Each structure stands twice: as C-alpha cells, then as structure tokens.
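Working notes, beginning with the structure itself.
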Amino acid sequence: MICRKRIFLFFCLTVLTFAFCVSSYADNIVSSTGFDNDKKTKRIALTFDDGPHPRFTPQILEVLGEYGIKATFFVIGVNVQNYYESYQKIIDSGCEIGNHTYSHANLNFADSKAIRDEILLCADAIAGGDSDRLLRPPQGACNTEVKRIASELQYDLVFWTIDTMDWAHTGTKEIIDTVLLNASDGDIILMHDYVSGKSHACEALRVIIPELLSRGFEFVTVSEMMSK
Ligand SMILES: [Zn+2]
C-alpha cells in the first residue's frame, strides 16, 4: 500500500514538473519573439549598421522622420569620430544607438584584449549614447569569448532575423520582397546606413514602412523589442 502511495506521489510530481517545464519553455519563446499577448500589436525593429556616414544616414533619418519611426543604429566608433555631425543627427532624431565595435573588426579573429578594446573604444566614441548597451558584432561573428566579454561588460548581443543584403548593392525590389514576404511579429531587420557604392535602402524603405504600417505593425527600437 505504501509502495502504491509512493508511486502515485511520484506520478503527481512528474506531471507537475512537466507542466512547469512546458510553461517556462513557452514563456521563453514568447519573450524571444517579442510577441505580446496583451497588446495584440505586431512589432518590428529596423536596424542600420556601419554608419554614421553623411551619404546615407541623413537620408534614412529623413524617411524615418516622415513616418515618425524610431530605429536602432549600430555605429562604428571610427565613423562616429570621422562623421560626428551625422552621428549627432541620429541622436537628435531620438533613434537608438548600438555598439558595432570601433573598427568593424571580425571579433572571432581577435584575442581577448582586442575584443574588449573594440567594444570599449566604440563606447568612448559614442560617449554615453548607447545607454541600453546593445552590441552587434560585425558579420554576426560571435564566439564564446566574445559572448563572455560582452556579458562581462554588460552588453546585450543583438543579431537579426531578416537580412536585406542591402550592403551587396541588392536592388530595391529584392529588398522590398525580402522584408514584405517574411515580416512577422518580433522580427529585427538588418539594413545599413553605410555601404561602399550604391545603396537602395532608402527607396526600399519608402515602400516597406507604409506597407508594414498598413498591415498593423508597430516599429520599435531593439531595446523596446527586448523589453516587451
Ligand atoms: Zn557591419
């Protein structure tokens, strides 16, 4: 009899543990996609890497401003120093700043000191503009040492879910299609406000933004997305 009771107790504990695990797992998925059950609003974040630069940053800010949208700019420290006026325009627009290292180094090939220097020198150039401490490693290169140092310096690592490939001089229609055919709640879109040569990001944004707004999306910054 005692044995049966023990078996029953064990069964109950197992069921409860399973239910708890499923619930915790579901919570984690919800937060990672940025989905908010209460609001029922689809949210999406535009991000721009590799600037600031006088050629494209002001144009992109102008489009964002026309629609009253805030995006996140992952800036390169040396570009902030060289094109401070363009950087100031991002700050003045109220858009969010993230750290994209000082010299756009591939951190997977850097030693611990170089990883730290790349992050901290960019932070110095930004001069407090990255209050949310967001780090996007160039090319998404992020080995365990990069993760360790980012965590030690209290940076959140930020990647993307939709890559427009605009840096490769991708055509306007292709950029538009990539975003509009894939956009869903919680997506982070990767674009660039500096590329060498031609960029079709601005023309694409003039189609992408109104279309996503008409589909009921709300544009948010990365930190807003992460905090739900
Ligand atoms: Zn980059």
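Residue count for segment 48-66 under the criterion of being within 14 Å of the ligand (Cβ to nearest atom) and surrounded by fewer than 24 Cβ atoms within 10 Å (Cβ to Cβ): the result is 3. All conditions but one from (1) under 28 Å from residue 132 (Cα atoms); (2) crowded, with 18+ Cβ neighbours inside 10 Å; (3) polar (S, T, N, Q) apply to residue 161; the one that does not is (2).
When segment 135-146 is filtered for residues that are surrounded by 13 or more Cβ atoms within 10 Å (Cβ to Cβ) and farther than 28 Å from residue 207 by Cα, the ones remaining, listed by number, are 135, 137, 141, 142, 143, 145, 146.
Within segment 212-224, is there a residue that is part of a loop (DSSP other than H, G, I, E, B), under 18 Å from residue 130 (Cα atoms) and not hydroxyl-bearing (Ser, Thr, Tyr)? Yes.
Given 170, 144, 161, which one is out of contact with any Asp or Glu (no Cβ under 9 Å at 6 or more places or on another chain), farther than 22 Å from residue 66 by Cβ, among the β-branched types (Val, Ile, Thr) and away from the ligand (no atom under 16 Å from the Cβ)? Walk me through how you get there before you give the answer.
Working: 170 fails: away from the ligand (no atom under 16 Å from the Cβ); 161 fails: out of contact with any Asp or Glu (no Cβ under 9 Å at 6 or more places or on another chain).
Selected residue: 144, the only one of 170, 144, 161 that is out of contact with any Asp or Glu (no Cβ under 9 Å at 6 or more places or on another chain), farther than 22 Å from residue 66 by Cβ, among the β-branched types (Val, Ile, Thr) and away from the ligand (no atom under 16 Å from the Cβ).
Just one residue in the set 193, 177 is more than 16 Å from the ligand (Cβ to nearest atom) and of a type in the set (Asp, Glu); that residue is 177. Taken over segment 75-90, residues that are farther than 20 Å from residue 156 by Cα and within 11 Å of the ligand (Cβ to nearest atom) amount to 1. So, residue 156, is that one more than 16 Å from the ligand (Cβ to nearest atom), touching a strand residue (DSSP E or B) at 6+ places or on another chain (Cβ under 9 Å) and either under 23 Å from residue 195 (Cβ atoms) or in the same structural domain as residue 187 (by TED's automatic domain parsing) (or both) or not? The answer is yes for residue 156. Checking 103, 93 one by one, the residue that is polar (S, T, N, Q), away from the ligand (no atom under 16 Å from the Cβ) and either surrounded by fewer than 22 Cβ atoms within 10 Å (Cβ to Cβ) or at positive phi (or both) is 93 and no other. Name the residue that is farthest from residue 124 (Cα to Cα), counting only residues in segment 46-83 that are β-branched (Val, Ile, Thr) and assigned to a helix (DSSP H, G or I). The qualifying residue farthest from residue 124 (Cα to Cα) is 63.
Once segment 110-140 is narrowed to residues that are under 16 Å from the mean Cα position of the chain (by Cα) and of a type in the set (S, T, N, Q), the residue that is nearest to the ligand (Cβ to nearest atom) is 139.
Of the set (1) over 24 Å from residue 82 (Cα atoms); (2) touching a residue at least 60 places away in the same chain (Cβ under 8 Å), all apply to residue 108 but (2).
The values are calculated or read from the model by the stated rules, or taken from the named source; none is laboratory data. In this text the structure is predicted, and so the values were computed from the model without any measurement. So basically every Cβ, Gly included, is an ideal-geometry build from the backbone, and we count neighbours across all protein chains shown.
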